[in-house]
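Below you'll find the structure, written out as structure tokens, and then a few comments.
What follows draws every value from the coordinates through simple rules; no lab data is involved. Small disclaimer: the values here were computed from a predicted structure and weren't measured. Counting neighbours? That spans all protein chains shown, and the Cβs are built from the backbone with ideal geometry, glycine included.
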Amino acid sequence: MVTYNYNKEKGYLNVVFSSKVNHGEIINYIGSLMKEDDLPRDLGVLIDARAGSVNINPANLYYILEENVKMFSKFNSLRVAIVVDGTINTALAVLYMRLIQLERYKFKTFSLMESAEEWVRKDVDQNRTYPKEIFTRSYTLL
């Protein structure tokens, strides 16, 4: 399961992977972000995948990449940090990091939440203003 909400105080989208997450759930999550009109155009994303596991065949990473490329047209820049636990999740995240080589899309793998948060918040303008509704919505994708 993938859940997410925008954290105004910290200035990034907080995403949690819980239980086993497959490539279809990740593609659905990306699709739901494409429908969001209230997110900042320079978006930081912190994915916490420690409580779940990524159940993806490495060949399916290309499908996720294709969806991210489609979504990228909606944003000026994306800065995505993923916090993972375990060797398989780490290997998949590092492999994806090698695949996604876009100028305005940064993706990095971390084992510590604090390091990931520091990196994803780098260059985030804390003085931005956003519609109030964006901070009160939370989503669960099945």
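Exposed loop sites here are GluC sites (Glu not before Pro) in DSSP loop states with at most 16 other C-beta atoms within 10 Å. What is the longest stretch of the chain lacking them?
37-102
Starting from 0.36 nm per residue, how many nanometres of slack lie between Ser73 and Leu95 once their C-alpha separation is accounted for? Let's see the in-between values first.
Working: separation 22, 0.36 × 22 = 7.92 nm, distance 2.27 nm.
Value of the extension gain: 5.7 nm.
Where Lys and Arg each count +1 and Asp and Glu each count -1, what net charge lies around Ile64 among other residues with Cβ under 12 Å from its Cβ?
Net of charged neighbours comes to -2.
Among the DSSP beta bridges whose two residues both lie in segment 1-84, what percent are antiparallel, rounded to the nearest 5?
30 percent
Starting from the Kirkwood radius over alpha-carbon pairs of the chain, derive D by Stokes-Einstein at 37 °C in a medium of 0.692 mPa s and give it in µm² s⁻¹.
Stokes-Einstein gives a translational diffusion coefficient of 217 µm²/s.
How much FRET efficiency would the formula 1/(1 + (r/R0)^6) give for Glu118 and Arg41, where r is the Cβ-Cβ distance and R0 is 25 Å, rounded to 0.05?
Efficiency for this residue pair is about 0.65.
Eight or more residues apart or on different chains, and alpha-carbon atoms under 24 Å: count the Lys pairs in the chain matching that.
For the chain, qualifying lysine pairs total 26.
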